[in-house]
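The block underneath contains the structure these notes are about, expressed in structure tokens.
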Amino acid sequence: MTDGRRKWVTLISAALVAPIFAATLTATILAFVMFPELIFQTEITSGVYRQATLREMATSLVGFSFVGLFLGIMLGWPSMFIGGLSLHTFFLRRRMTSVMTYGLAGLVAGTLVMLAYFMVTGGWRTPMTVLQMGPALVSGPITGLLSASIFWLIRRPDRILHP
């Protein structure tokens with residue numbers, strides 16, 4: 001594979017994989033924080049629960065992972081292609097290629113995307129709703145940070161030769 005083609009393949013791979021992996025990981029961690037009863041308990045009859053088996057816990061986590069996969073595709077890919085790749089080009093031209101730079105940019109981008117998502121979906125109707133959705137609001141910056149860091153690990157812009 002030629003050097004130019006390899007650069008394009010890593011760029012496309014990083015742009016496609018990073019948002020999905022980051023959103024899936026964040027959704028799984030968020031499931032532990034917000035909905036532990038859905039993972040560690042199983043409803044037998046109405047209002048009667050028992051401890052979940054390992055297989056039932058794994059099934060629940062797979063379900064939450066699919067939610068993360070969906071959000072990574074619906075929110076992460078547009079964010080990456082609109083903002084992330086533009087920032088990547090900007091950072092390369094300015095020779096700002098450290099993982100810290102990418103991580104902070106991802107943190108800011110993830111925060112903006114999550115704020116826009118909550119404004120569009122009407123998640124701010126009452127102050128109580130905002131308080132209940134605290135961990136979900138934090139998931140935006142965390143996902144942005146993870147996505148940008150994963151992008152950096154795949155693309156490795158610090159190794160790109162500058163003219």
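Read the figures in this text as sums done on the coordinates, not as results from a lab. Note that this is a predicted model, so its numbers are computed, not measured. Cβ coordinates were reconstructed from backbone atoms using ideal geometry, including for glycine residues, and neighbour counts include every protein chain displayed.
Data for the structure
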| quantity | calculated |
| --- | --- |
| Mean Cα-pair separation over length for the range 3-159, i.e. relative contact order, pairs under 8 Å, 6 or more apart, % | 35 |
| Y49, Y102, Y117 arranged by Cβ crowding within 10 Å, fewest neighbours leading | Y49, Y117, Y102 |
| Mean residue ellipticity (222 nm) of the chain, computed from DSSP H runs ≥ 4 via -39,500 (n - 2.57), nearest 500 | -24000 deg cm²/dmol |
| Exposure proxy ranking, count of Cβ atoms within 10 Å, fewest first, for M114, M80, M133 | M133, M114, M80 |
| Calculated FRET efficiency for the pair I154/V67, C-beta based, R₀ 30 Å, to 0.05 | 0.80 |
| Answer label, with percent of Cα pairs over 26 Å apart calculated from the coordinates and candidates (i) 38; (ii) 20; (iii) 27 | (i) |
| Linear extension gain, Q41 paired with T10, 0.36 nm per residue minus alpha-carbon span | 7.0 nm |
| Exposure proxy order (Cβ contacts within 10 Å, fewest to most) of E43, E56 | E43, E56 |
